[in-house]
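Taking it in order: structure first as structure tokens, then the write-up.
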Amino acid sequence: MCSKYLKQYEEFIGAYEKIFHIKSDESIEDVYNLVITVLISKYQVRISDLILSLAVAIKYNYRSIDIYVQILNKILTKYSITRLPDDPLTDYLAHCNLELVRDADNIFQIKLTVNSFPKEDDVKYFIMYDQIDKFKEYTTQNPLDDIEINIPLYSNIRLLEACAYYGSANIFNFLISNFHCEITQKCFQLSLIGGNTDIINECLKHYEIDSACFDYIVASHNNNFLKYIFDRDLYELQYFNFEELIYAQNLKAVFLMYEKDKNSIIPWCAGFSQTLDLIKTEDLNLSNTTDRSYILHYAVKFNNINIVKFILESLDKFPIDINFLGIGGKTALYCAATNNNKEIAELLISYGAEINDCGGSNPLDEAASHNSLDVAKLLIMHGADVNSNENEDMETALHWATIFDYKEMVDLLLSHGADPNKQDRNMMSPLHLAVYKNQKDIAEVLLSHGADPTKQDSNKSNPLQYAVSKNDKNLVEIIINHGINVNLNSYEGENAIRTAVLFNNKEITELLLLHGVNVNSRKGKAGKAILHYLFEKRNIDMIELILSHGANVNIKEKYTRNTCLHQAVNDSFLEGIEILLLHGAKLDPQNK
């Protein structure tokens with residue numbers, strides 16, 4: 001039965017095995033054309049899924065990272081990709097010292113952040129390419145302890161373990177014979193990535209296959225060894241990293257596992273669209289769960305709509321709760337919102353999926369935090385509560401859209417009645433968040449829809465104080481122009497001008513003075529006026545500015561009763577003393 005499916009998807013399987021075993025001297029054009037013609041054109045693999053698979057492949061074939069980056073960038077350019085899911089792609093890229101950037105046309109490209117790839121005269125390069133003669137020569141002049149191995153995504157790699165990862169059998173054997181290096185369990189695990197039979201066999205003499213071994217076998221497409229261990233019953237199928245198997249799209253491993261134990265692939269096999277026929281015809285127990293998730297969750301999470309349709313049409317046969325909190329405490333509809341998959345979301349809703357919060361899983365919040373506009377519109381159309389905040393942090397969808405700077409989503413939510421003044425657990429409104437994240441456009445939209453600029457968070461800080469602390473005059477102007485009292489105090493009684501002075505921002509200070517800020521306020525915790533703070537900082541320009549706007553030259557600190565003249569004399573601040581006297585400071589003020 002397994003052979004039938006292997007034959008049916010031979011090209012798909014072959015293309016992915018090629019991707020995961022690219023040689024460092026491989027023709028980029030040949031691999032790129034294989035990806036385009038087989039995976040994208042014939043099998044309609046989604047670009048985002050393909051990019052993730054290529055990122056995973058780098059983890060298991062770091063030696064060819066440069067080729068992967070070039071292929072990825074050719075794909076991103078050809079299909080003008082401007083949107084990609086962050087999780088888990090950015091994690092894989094970051095661990096390989098790669099990041100997504102945008103070109104002049106807003107199209108994603110991938111670039112190296114740190115070039116840790118060894119040069120040709122580096123001993124790490126000798127190990128990577130199993131250059132035994134050069135390595136032997138190196139060892140005659142240098143101690144092995146000086147060699148620091150760094151393979152992204154693998155920490156604390158020893159020399160012999162690096163040889164196992166790269167499949168460098170000559171150096172591996174040389175180290176064992178001449179330096180008596182220890183074969184560790186990690187050696188065995190990494191040898192299953194390197195795929196060198198001699199190294200694997202040597203490690204097998206010392207260790208048995210553990211769960212990490214199995215993860216590496218299936219994710220790196222080492223399917224020959226997978227068949228080997230199944231044929232000899234060397235490993236009993238149990239929990240493993242099936243999500244990485246899906247990211248790697250190792251379909252052959254799925255069929256081999258099915259042949260070993262058909263129900264072992266339920267529910268996660270729904271991450272592969274090619275398993276539909278197998279699910280429909282092979283009498284599988286679709287009620288099985290893994291990580292408390294049903295097959296429906298995996299079908300939705302990985303956008304396999306035909307599997308979703310089949311499962312929903314078969315709910316009378318299999319006791320699957322459509323609102324069950326599966327992967328990470330999420331419902332299936334929540335997963336559809338993550339992916340902005342409107343078609344799947346419509347199907348789920350038609351079968352009774354809960355629109356609003358379900359045990360802390362709110363689809364609209366998720367749509368807002370991923371800018372899933374199509375699903376958000378659908379949810380709202382079906383009655384989703386745009387002001388629901390039944391989550392741990394009491395955040396609404398508008399909070400989430402603001403946090404991630406999704407202006408279109410903010411516009412959509414506001415146009416359907418989202419409350420711009422709803423506060424979260426920390427009493428922060430969406431306007432607080434917009435100002436904190438320096439999002440001027442969203443701040444203006446929120447204010448134009450009635451956001452209250454006087455709202456205070458749990459520290460009694462208002463959006464104006466946030467804007468001043470951002471040192472952004474334009475943002476301060478936006479808030480002032482919507483009628484805020486510039487003398488509102490924070491929890492310590494300080495107003496916005498103190499923050500402006502501490503940041504030494506003359507422009508913002510002048511703007512606040514222009515709008516009537518009280519320069520003689522002593523409501524702060526320390527009982528000092530702005531002039532006192534300026535004398536502490538010896539800021540002549542700001543002192544003269546404040547004095548020119550009515551600052552009381554003889555004002556006393558609330559608790560010490562010291563004037564600025566006391567302070568200037570104590571600090572031998574001669575220039576400050578001169579300014580104070582020029583502005584009429586009394587020579588005989590009494591403190592306590």
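Quick check on the stretch 46-64. Is at least one of its residues surrounded by 13 or more Cβ atoms within 10 Å (Cβ to Cβ), touching an Asp or Glu at 6+ places or on another chain (Cβ under 8 Å) and touching a residue at least 40 places away in the same chain (Cβ under 8 Å)? Checked the stretch 46-64: at least one residue is surrounded by 13 or more Cβ atoms within 10 Å (Cβ to Cβ), touching an Asp or Glu at 6+ places or on another chain (Cβ under 8 Å) and touching a residue at least 40 places away in the same chain (Cβ under 8 Å).
Only one of I479, I497, I540 is in contact with a helix residue (DSSP H, G or I) (Cβ under 8 Å, 6 or more places away or on another chain), in contact (Cβ under 8 Å) with a residue 12 or more places away in the chain and over 26 Å from Q567 (Cα atoms); which? Don't jump to the end; show me each part of the working.
Values: I497 fails: over 26 Å from Q567 (Cα atoms); I540 fails: over 26 Å from Q567 (Cα atoms).
Just a single option satisfies the conditions, and that option is I479.
Of all residues in the stretch 318-331, none are modelled with pLDDT of 95 or more and part of a helix (DSSP H, G or I).
For the stretch 136-155, the set of residues classified as part of a helix (DSSP H, G or I) and either of a type in the set (D, E, K, R) or not assigned by TED's automatic domain parsing to the domain that holds I176 (or both) consists of K136, E137, D145, D146, listed by residue number. Evaluating A94 against the criteria (1) assigned to a helix (DSSP H, G or I); (2) at pLDDT 95 or above leaves one unmet condition, (2). In the stretch 427-474, the residue that is surrounded by the fewest Cβ atoms within 10 Å (Cβ to Cβ) out of those that are among the aliphatic types (A, V, I, L, M) and at pLDDT below 95 is L464.
Applying the selection to the stretch 20-56, what residues are aromatic (F, W, Y) and under 23 Å from I305 (Cβ atoms)?
Hit for the stretch 20-56 is Y43, nothing else.
Residues S191, S177: which one is in contact with a helix residue (DSSP H, G or I) (Cβ under 9 Å, 6 or more places away or on another chain), of a type in the set (S, T, Y) and assigned to a helix (DSSP H, G or I)?
Unique residue meeting the criteria: S191.
Please verify whether the stretch 344-364 includes one or more residues that are at pLDDT 95 or above, hydroxyl-bearing (S, T, Y) and either crowded, with 17+ Cβ neighbours inside 10 Å or part of a loop (DSSP other than H, G, I, E, B) (or both). For the stretch 344-364, residues at pLDDT 95 or above, hydroxyl-bearing (S, T, Y) and either crowded, with 17+ Cβ neighbours inside 10 Å or part of a loop (DSSP other than H, G, I, E, B) (or both): present.
The helices (runs of 4 or more DSSP H) found wholly in the stretch 504-592 and carrying at least 3 residues that are outside the structural domain of E494 (by TED's automatic domain parsing) occupy 530-537, 540-547, 564-570, 574-582.
Listed by first and then second residue, the pairs linking a residue in the stretch 102-116 that is at positive phi to a residue that is surrounded by 10 or more Cβ atoms within 10 Å (Cβ to Cβ), with Cβ atoms under 9 Å apart and 6 or more places separating them unless they lie on different chains, are N106/S80; N106/T82.
Okay, residues lined up against (1) in a helix (DSSP H, G or I); (2) surrounded by fewer than 17 Cβ atoms within 10 Å (Cβ to Cβ); (3) free of Cβ contacts under 8 Å to residues at least 60 places away in the same chain; (4) of a type in the set (D, E, K, R):
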| residue | (1), (2), (3), (4) |
| --- | --- |
| Y5 | yes, no, no, no |
| G14 | yes, yes, yes, no |
| D30 | yes, yes, yes, yes |
| N33 | yes, yes, yes, no |
| S41 | yes, yes, yes, no |
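When I295, I349 are screened for being under 28 Å from K4 (Cβ atoms) and hydrophobic (A, V, I, L, M, F, W, C), only I295 passes. In the set Y247, Y216, Y165, Y239, only one residue is in a loop (DSSP other than H, G, I, E, B), of a type outside the set (D, E, K, R) and in contact (Cβ under 8 Å) with a residue 24 or more places away in the chain; that residue is Y239.
Scanning the stretch 69-90 for residues that are of a type in the set (A, V, I, L, M) and either part of a helix (DSSP H, G or I) or farther than 14 Å from V101 by Cβ (or both) turns up V69, I71, L72, I75, L76, L89.
Take I295 and tell me if it is more than 27 Å from K42 (Cβ to Cβ) and either aliphatic (A, V, I, L, M) or surrounded by fewer than 22 Cβ atoms within 10 Å (Cβ to Cβ) (or both). Judged against the criteria, I295 is not a match. Looking only at residues in the stretch 259-286 that are within 15 Å of I307 (Cβ to Cβ) and either modelled with pLDDT under 90 or touching a Cys at 6+ places or on another chain (Cβ under 9 Å) (or both), the one that is surrounded by the fewest Cβ atoms within 10 Å (Cβ to Cβ) is T281.
Would you confirm whether or not the stretch 139-153 contains a residue that is farther than 19 Å from D198 by Cβ, touching a strand residue (DSSP E or B) at 6+ places or on another chain (Cβ under 8 Å) and surrounded by fewer than 18 Cβ atoms within 10 Å (Cβ to Cβ)? There is no residue in the stretch 139-153 that is farther than 19 Å from D198 by Cβ, touching a strand residue (DSSP E or B) at 6+ places or on another chain (Cβ under 8 Å) and surrounded by fewer than 18 Cβ atoms within 10 Å (Cβ to Cβ).
Whether a residue is within 21 Å of I47 (Cβ to Cβ) and buried (at least 18 other Cβ atoms within 10 Å of the Cβ) was assessed, and L256 does not pass this test. When you scan the stretch 328-338, do you find a residue that is buried (at least 18 other Cβ atoms within 10 Å of the Cβ) and among the polar types (S, T, N, Q), even just one? Yes, the stretch 328-338 contains a residue that is buried (at least 18 other Cβ atoms within 10 Å of the Cβ) and among the polar types (S, T, N, Q). Just one of (1) aliphatic (A, V, I, L, M); (2) outside any helix (DSSP H, G or I); (3) farther than 29 Å from S168 by Cα trips up I311, so point out which. Condition (2) is where I311 drops out. The single condition from (1) closer than 21 Å to Y154 by Cβ; (2) part of a loop (DSSP other than H, G, I, E, B); (3) under 27 Å from the mean Cα position of the chain (by Cα) that D66 fails is (2).
Quick grid of which residues meet (1) small (G, A, S); (2) under 45 Å from the mean Cα position of the chain (by Cα); (3) at pLDDT 90 or above:
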{"site": "I508", "(1), (2), (3)": "no, yes, yes"}
{"site": "L514", "(1), (2), (3)": "no, yes, yes"}
{"site": "A526", "(1), (2), (3)": "yes, yes, no"}
{"site": "I530", "(1), (2), (3)": "no, yes, no"}
{"site": "M542", "(1), (2), (3)": "no, yes, yes"}
{"site": "S548", "(1), (2), (3)": "yes, no, yes"}
{"site": "A551", "(1), (2), (3)": "yes, no, yes"}
{"site": "K556", "(1), (2), (3)": "no, no, yes"}
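Please determine whether any residue of the stretch 59-72 is basic (K, R), closer than 30 Å to P118 by Cβ and modelled with pLDDT of 95 or more. Yes, there is a match, as at least one residue in the stretch 59-72 is basic (K, R), closer than 30 Å to P118 by Cβ and modelled with pLDDT of 95 or more.
The values are calculated or read from the model by the stated rules, or taken from the named source; none is laboratory data. Predicted model only: the values in this text are computed from it and were never measured. Every residue, glycine as well, gets a Cβ built from its backbone with ideal geometry; the counts of neighbours run over all protein chains shown.
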